[in-house]
Amino acid sequence: MQSLPNTKIGLTIDIDNANETLLAQAINNGGTFLRMRVFSQDIEKLEFAITIARKVSPYLPIIVEPQGKFLRINNLEKDLILKRYDKLAIIPKGWADQNEKKVEIDYPDLAKEVVVGTKIFMNNHQIPLQVTQIYGKTVICKVLANGILVKGDPIDIEIENLDPNRLTKDDSDILAKAIKFGADYLVIPGVDNVSQLRQIKKGVSSRQIKYLVKIKGSKGIKNFDEIIQEADGIFIDPEEVASDISLYEAIVAIKQMIQKVRRLGKNSIIEVKASKLISLNSEEISSIINLVQDRVDCLNITLKAREANPETVSGIVNTVAHTVINTEKFLTANPVTGDTLASDTTDTLCRYVSNVVDELDLKGALILTRTGKTAYSLARHRLKTPIWSVTMNLWLGRQISLLHAIRSFIVDTLPDDRDELVSKAVKLIFEHGEVDAEDKIALVMGSTVEESGLNSIVEVIAVKDVLA
């Protein structure tokens, strides 16, 4: 059986860096999904980037995060060093200005969005500014903390106190194109109340797309129980969670959110920003180990744009994968209680299966699913072994492959006859090297009746008996 981590590993790349060689290296070294942050100026590139990813693998789950409410600085000619109390001019592209330190943005109306005293944040709050003067289309800011804007890096700008519920036209365009071109998940950033998510879902026609929320600050933590009922999972950026609370409070909140999401049978992804490539420092290794022990579904690696090349991506993904695999060796199954979207019967059977696989030392669990509900219910118990999911739905297969331990297999047809169905599924995972003839596995068979919502078959089977 191929040695792959049960905790999934994904990669965030800049759309301009999407190429077949880079993505192939990520997949070959243990990467299982791709996240794209899409800014206003990237909208027209989105189709090309998704097409490239689908060419590398039609089974690769793609996550799109719209950034329409964020602004982005145009490419700098050189690194710009900012010191506390410096004066920095922010101007639209092509606007003439005589200030010594200035940056251009692809947005003409910033001067209309801010007033004197407004705070502006660069690079995920690392460099705070405060507006001191506005004239024409020029916004003059005072730098509040030392920092550096690096040539070649994507530099984001966030404006304080914009209406958190607003959906910009660019956001709407990004959402529409992400759905049109076949993204599997949408990440909604900066969520601190459920109305934000409801507003976005109301404007989206697709029933297939799934929504991950990025919880922001103390208000988002307070409203989390209500928000997660409306979402399909969470995408955790620790810095965003800690936007107005201490790091310790944020860590505690993140651990609690992961457990709540697990009990509901939903997805949890956490962002890991790599400071070095090829090797990880001790703090980063410790953080990854703790996250795996917290039983998160996925780790998402975010690299700086200038560092995203096939060699560095291969190295960092491989290093993270080995760290995860070595950590998982010491973990056991961890059954939880709670109601998922599956039926009570399915939830009960899946808890039973997680215990059976562990106690009988089975090679894994095989589920045959049409809706994915069994996969969500079983994956939350964090089996040590793989969970093989066989489905005819390509979209569903990609989405559930983000769940802990799930390995999706998509087929064109599934026989109606029960014995033929089991035989086809077992032979499929055998031919892919997932099991040997002498192995035994658990079978969880979803109903062949559409919309039934029940599972009627749970049994232990010997692979060689099916292959005979």
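The values are calculated or read from the model by the stated rules, or taken from the named source; none is laboratory data. Note that the structure is a prediction, hence the values are computed from the model and not measured. No Cβ is skipped: glycine too gets one built from the backbone with ideal geometry, and neighbour counts run over all protein chains shown.
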Margin query: For a quick check of your reading of the model, give me the residue pairs whose first member lies in region 422-436 and is more than 17 Å from residue 460 (Cα to Cα), whose second is of a type in the set (A, V, I, L, M) and not in a helix (DSSP H, G or I), with beta-carbon atoms closer than 9 Å and at least 6 apart or on different chains.
Written below: 428/390; 428/411; 433/1
Check: Which one is nearest to the chain's Cα centre (by Cα) among residues in region 111-121 that are of a type outside the set (Val, Ile, Thr) and at pLDDT 85 or above?
Finding: 121
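For residue 466, indicate whether it is touching a helix residue (DSSP H, G or I) at 6+ places or on another chain (Cβ under 6 Å), modelled with pLDDT under 95 and not polar (S, T, N, Q).
Yes.
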Next item on the list: Assess whether residue 385 counts as being buried (at least 19 other Cβ atoms within 10 Å of the Cβ) and either touching a Leu at 6+ places or on another chain (Cβ under 9 Å) or not assigned by TED's automatic domain parsing to the domain that holds residue 232 (or both).
Entry: yes
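With respect to residue 445, is the statement that it is modelled with pLDDT under 95 and more than 19 Å from residue 210 (Cα to Cα) true?
For residue 445, the condition - modelled with pLDDT under 95 and more than 19 Å from residue 210 (Cα to Cα) - is met.
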Next item on the list: Can you give me the ranges of the helices (runs of 4 or more DSSP H) entirely in region 199-256 with at least 1 residues that are over 20 Å from the mean Cα position of the chain (by Cα)?
Entry: 217-222, 224-230
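Let's see how each residue does on (1) of a type in the set (Ser, Thr, Tyr); (2) under 25 Å from the mean Cα position of the chain (by Cα); (3) at pLDDT 95 or above:
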position	(1), (2), (3)
322	no, yes, no
328	no, yes, yes
342	no, yes, no
352	yes, no, no
381	no, yes, yes
Notebook entry, point to check: For residue 359, all conditions in the list (1) free of Cβ contacts under 8 Å to residues at least 60 places away in the same chain; (2) within 19 Å of residue 400 (Cα to Cα) hold save one; what is the number of the exception?
Noted result: (2)
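Of the residues 46, 34, 22, which is under 29 Å from residue 196 (Cα atoms), aliphatic (A, V, I, L, M) and in contact (Cβ under 8 Å) with a residue 60 or more places away in the chain?
Working: 34 fails: in contact (Cβ under 8 Å) with a residue 60 or more places away in the chain; 22 fails: under 29 Å from residue 196 (Cα atoms).
One residue alone meets the criteria, 46.
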Next item on the list: Kindly list, by first and then second residue, each pair from a residue in region 98-118 that is free of Cβ contacts under 8 Å to residues at least 60 places away in the same chain to a residue that is acidic (Asp, Glu), limited to pairs with Cβ atoms under 7 Å and residues at least 6 apart or on different chains.
Entry: 101/86; 118/160
Next item on the list: Go through region 124-153 and give me each residue that's within 35 Å of the chain's Cα centre (by Cα), assigned to a loop (DSSP other than H, G, I, E, B) and at pLDDT 90 or above.
Entry: 144, 145, 146
Check: Within region 110-119, is even one residue on the phi > 0 side of the Ramachandran plot, surrounded by fewer than 17 Cβ atoms within 10 Å (Cβ to Cβ) and either assigned to a strand (DSSP E or B) or not polar (S, T, N, Q) (or both)?
Finding: yes
